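All remarks here apply to the structure that follows.
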Amino acid sequence: MMLKTTNAYFKLISAIIGLTALISCGTDDTDYETPVTETPEEAFERNEAEILAYIEANDLEATRTESGLYYVITAEGTGDTPAADADVSVNYKGYFLNENVFDQSTRAVQFNLENVIAGFSEGIQLIQEGGSATLLMPASLAYGVYGSGPIPPYTAIAFDVELLEIQ
């Protein structure tokens, strides 16, 4: 009888250890180390330097807006540009400046520009319907001090966006 109890106890302990090991494994492959002691101003300055380095490394001719958004029109559209409260349909790819993708549409996505992050909304308003652009944004225009999902706090990010339709 003692052998069955010991065997059951051993299986329980083994299961707990295995579950603990599985839970402790991370899936974060962003290779980013974001300082948590930064002020928003320090993060903005660091993001600005990271974006400028990305622009230089990729030989881009980007334009900077007053807010700190950088954009490159990659294909001119032939339609209108959307208003700040417009409903739009887009294809997009979101990625870190090390080019690791954190989100990508697999089909057209529809939304109102008032319901997305500031840099995405501002950037899409610069694209003519049928056109596309690369948007490079500091954390202050993206997911800020808290981050979101796989995006750490104070992280500059990029989007390749194709504006399919203004609805």
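Charges only on Cβ, +1 for Lys and Arg, -1 for Asp and Glu: so what's the dipole of region 30-130 about the Cα centre, in debye to the nearest 20?
380 debye
Report the charge-dipole magnitude of region 81-132 in Debye, nearest 20, computed about the Cα centre from +1 at each Lys and Arg Cβ and -1 at each Asp and Glu Cβ.
So the magnitude is around 200 debye.
Among 87-95, 117-125, how do they line up from the highest to the lowest mean number of other beta-carbon atoms within 10 Å?
With the highest mean Cβ count within 10 Å placed first, the list reads 117-125, 87-95.
Please list, in order, the residues from region 133-167 whose amide nitrogen is less than 16 Å from a point placed 7 Å along the Cα→Cβ vector of ALA57.
Only 136-138, 155-159 fall inside the zone, counting backbone N under 16 Å.
Between PHE111 and TYR146, take the C-beta separation as r, use R0 = 22 Å, and let me know the FRET efficiency to the nearest 0.05.
Efficiency, rounded to the nearest 0.05: 0.60.
Please compute the length gained on full extension between ASP103 and ASP87, using 0.36 nm multiplied by the number of residues separating them and subtracting their Cα-Cα distance.
Result for the pair: 3.7 nm of gain on full extension.
Readers should treat all values here as calculations from the given coordinates under stated rules, not as data from a laboratory. Here the structure is a predicted model, which is why all the values come from computation and not from measurement. Reconstructed Cβ throughout: ideal geometry from the backbone, glycine too, with neighbour counts over all protein chains shown.
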